[in-house]
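Structure, as structure tokens:
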């Protein structure tokens, strides 16, 4: 058999564009034959131009290092010979190959062999990795990569990565490899021959193809679901035994986890929750950082569930906390507790892959690259996953779109040949017998309105991150409608004479005979698409006129349906009515054509036909939903609903979303949720304002239930661990321009960063202020040694920013919105936290304006009863980023002098632990900062 020769290439260059004169400064190659590295090559290259400072800092390659190196012309023949009859491999192959081809052509050479991109193959082979950067993959797979951004180290790491990928492919089942081989014809990488070789070797050694952990179901290779051991009969135990364990009386925890230390607050919390369950009480518990609240409520839930033989539901706001519970806390408790228990994660249908749909999709030919790569990822993922949960996957950007056609929905439950292997049904079955069911606020609340409940019957629930609960409730009870919602539905329906659902439906039902109804549907859909575009473009234009001075990329406009008295709005309402009438007519015609499609009829059809017919019926249901949305958004007169339009000011003219949400949800939560369960435990690190729960009680509808209220104090010594600095010379934001205020922020950031030597997190309330400050910092020559990152500035996603901030010592991170909570930087990962402004929500935000207006109409001061409490809760969340354990030490900077100059400012201070505060001009504070750091 022919031996494949692979040459892994990596280049370092003076820039990104050879056409603009950039040149190679280092080239490295690693040669692979028979799955072994057989040769290496490396040379610095004299680019005949100076190396930019940024490239020097990035690569460590200086002008002196290349001064006496050969030019590319002098080594071109060696490189070309090296690549002869070989695959060209690189991590992001187009960059290295295009750069090399430019140099080859300049010297009269060319490479025309096959290519392989290890970024693409990594995405396929390792579909659950969080990052596909070479350095991250090297770290994950424990490959040597000592000098990232040096060609020799990068080439070596890429070669090892390629071998790791090949090793992964060789152990895949034959059926999976055959399907991957077909998909690979559309890859960037020329992998067909590689797959053929792997397949031929596997077919020769069939006796080695036994995969005890894999089962073949129809045309898919799936990871076997190992049956969970039946829980052994639970020994009798008491609450005291549990408490003794966590107070470490018998050294049991210490032996298993040497770093464990007893926390009085944790023991108290366990006792309080168990007591609440036993006495059927609702309880609010503000548990300060450092108490170990997650472990406390898990232990309480396990104890009570086992004692009473019924499930406890635990709801979180973020996926991160769900995964932390399942992957970290639950395994620890299973090892530690003297009892057996079960815990499971349950999400909505759209999170789970439908195997029937996926199998069918493999038969469809796609031209969309992201769709093809997603299918390849899923094929390999199916040999690994036991949950089938989307959140495990790292899909390409277009992969989310194809997932909409692959996840479980109503069509997944009838005559499905994969029924015994359905991920969603298995998750539901696990939940039926589990002691602990982990879910999220959105699913918990949406289940209230379902006829067929997803969650098993429960009487006790623990709501963590409870300060978000009422916000999620308003979203669940509201509506969001985007131009693309209707556009995608119309596109999927297509028409009877080209492609789409309508044509497929006709082929199944009418045997290619078109009834008059279908011609009408075709015409109506064309009209609906045109007027949908016209309507949303009209809304976009309307908002732009209302917000003509808006400087941001996004603009929101709150509208009152019965008070927008102008001709433009009247014409938009007329268009909305027309869209409704058209949808009504299409629904009527589609229902007429789908009469008789019942369960028995569907059972007689093939899988492909059944899915088409089910999708057709679901499209009718979706059109009905959209028609009703228009009523709620534009013609409903309920004054207790806030409605607004949000546009992308610089995007497409129909990039518009319309929202409607109830202004208050307290009565709904009281009547529909809290009154139907025996005990709800709501916990968070931020539930009180000035040590009072009154705002939270009112907001979430618990006032009339007289719940128990507990504050568990922090074990941290904040007076020794944190000091607050407030520069007295910071201008008042209302007295200066945005540019002047941003300049003052940038100066203070620069000063503090120099003293702390980085590790500074700066929290903003405005993206525009953040961007202006970021631009000023990037121009600051005194910060050349610092890595400056800003959310929304092209520095990367939230997770990438967080990772980079942890990685670099001299790092400055500017964040807003999501950085106020949910990120942890323990120890030396964060030295200083700077809060630019007290985090009041903008009074122009539609929900804020509507809430304030409603409160004022009731004679209630909206500032003190809404705006201030919400800002204090946000402030407490931001403050919580600074100290994460007993050994942390940090500095808190507040640049907003209102915290001292106003009466309400003191409420922020009294809502956090007692701290030493220093309030002086910045030039006098610098000495104190230095002293504090070096204490």
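The values are calculated or read from the model by the stated rules, or taken from the named source; none is laboratory data. Every value quoted in this text rests on a predicted model; they were computed, and no experiment measured them. Ideal geometry is used to build each Cβ from the backbone, glycine not excepted, and the neighbour counts take in all protein chains shown.
Observations
- Hits in the stretch 98-144 (condition: in contact (Cβ under 8 Å) with a residue 40 or more places away in the chain, buried (at least 18 other Cβ atoms within 10 Å of the Cβ) and assigned to a helix (DSSP H, G or I)): 99, 100, 103, 118, 120, 121, 122, 123, 124, 125, 134
- Qualifying residue in the stretch 310-321 (condition: under 30 Å from residue 265 (Cα atoms), touching a residue at least 60 places away in the same chain (Cβ under 8 Å), touching a helix residue (DSSP H, G or I) at 6+ places or on another chain (Cβ under 7 Å) and surrounded by fewer than 20 Cβ atoms within 10 Å (Cβ to Cβ)): yes
- Residues that are closer than 30 Å to residue 457 by Cα and either touching a residue at least 40 places away in the same chain (Cβ under 8 Å) or assigned by TED's automatic domain parsing to the domain that holds residue 630 (or both), drawn from the stretch 655-674: 661, 662, 663, 664, 665, 666, 668, 669, 672, 673, 674
- Residue that is buried (at least 17 other Cβ atoms within 10 Å of the Cβ) and not in a loop (DSSP other than H, G, I, E, B), where the choices are 484, 489: 489
- Residue match in the stretch 735-747 (condition: closer than 17 Å to residue 882 by Cα, at pLDDT 90 or above and either in contact with a helix residue (DSSP H, G or I) (Cβ under 9 Å, 6 or more places away or on another chain) or assigned by TED's automatic domain parsing to the domain that holds residue 810 (or both)): no
- Counting only residues that are in a helix (DSSP H, G or I), touching a residue at least 60 places away in the same chain (Cβ under 8 Å) and in contact with a helix residue (DSSP H, G or I) (Cβ under 8 Å, 6 or more places away or on another chain), the stretch 605-629 holds 15 of them.
- The set of residues from the stretch 169-214 being over 27 Å from residue 86 (Cβ atoms) and surrounded by 15 or more Cβ atoms within 10 Å (Cβ to Cβ) comprises 173, 174, 175, 176, 179, 211, 214.
- Restricting attention to the stretch 542-562, the residues that are in contact (Cβ under 8 Å) with a residue 60 or more places away in the chain and either assigned to a strand (DSSP E or B) or loosely packed, with under 15 Cβ neighbours inside 10 Å (or both) add up to 10.
- Residues being within 13 Å of residue 110 (Cα to Cα), out of contact with any strand residue (DSSP E or B) (no Cβ under 8 Å at 6 or more places or on another chain) and surrounded by 13 or more Cβ atoms within 10 Å (Cβ to Cβ) - total across the stretch 56-92: 2
- Of the residues making up the stretch 674-692, those that are farther than 20 Å from residue 304 by Cβ and surrounded by 20 or more Cβ atoms within 10 Å (Cβ to Cβ) are 684, 685, 686, 687, 688, 689.
- Extreme residue, modelled with the lowest pLDDT, among residues of the stretch 820-839 that are crowded, with 20+ Cβ neighbours inside 10 Å and not in a loop (DSSP other than H, G, I, E, B): 820
Residues checked against (1) within 28 Å of residue 189 (Cα to Cα); (2) assigned to a loop (DSSP other than H, G, I, E, B):
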site: 32; (1), (2): yes, no
site: 41; (1), (2): yes, no
site: 48; (1), (2): no, yes
site: 56; (1), (2): no, no
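- Reported count of residues in the stretch 749-777, each being in contact (Cβ under 8 Å) with a residue 40 or more places away in the chain and either surrounded by fewer than 17 Cβ atoms within 10 Å (Cβ to Cβ) or in a helix (DSSP H, G or I) (or both), is 13.
- Scanning the stretch 252-267 for residues that are at pLDDT 75 or above, part of a helix (DSSP H, G or I) and within 34 Å of the chain's Cα centre (by Cα) turns up 265, 266, 267.
Yes/no matrix, rows are residues, columns are (1) surrounded by fewer than 22 Cβ atoms within 10 Å (Cβ to Cβ); (2) assigned to a helix (DSSP H, G or I):
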{"site": "805", "(1), (2)": "no, yes"}
{"site": "813", "(1), (2)": "no, no"}
{"site": "841", "(1), (2)": "yes, no"}
{"site": "850", "(1), (2)": "no, yes"}
{"site": "864", "(1), (2)": "yes, yes"}
{"site": "869", "(1), (2)": "no, yes"}
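- Hey, residue 585 assigned by TED's automatic domain parsing to the domain that holds residue 624 and either under 24 Å from residue 629 (Cα atoms) or over 36 Å from the mean Cα position of the chain (by Cα) (or both) or not: yes
- Which listed residue, of 838, 830, 873, 868, is under 26 Å from the mean Cα position of the chain (by Cα) and under 19 Å from residue 695 (Cα atoms): 873
- Residues of the stretch 716-745 that turn out to be surrounded by fewer than 22 Cβ atoms within 10 Å (Cβ to Cβ) and part of a helix (DSSP H, G or I), as a count: 12
- Number of the condition not met by residue 53 [criteria: (1) touching a residue at least 24 places away in the same chain (Cβ under 8 Å); (2) surrounded by fewer than 15 Cβ atoms within 10 Å (Cβ to Cβ)]: (1)
- Test: residue in the stretch 421-430 that is under 30 Å from residue 644 (Cα atoms) and assigned to a loop (DSSP other than H, G, I, E, B): no
- Only one of the listed residues (474, 496, 439) is within 22 Å of the chain's Cα centre (by Cα), crowded, with 16+ Cβ neighbours inside 10 Å and under 28 Å from residue 576 (Cα atoms). That residue is 474.
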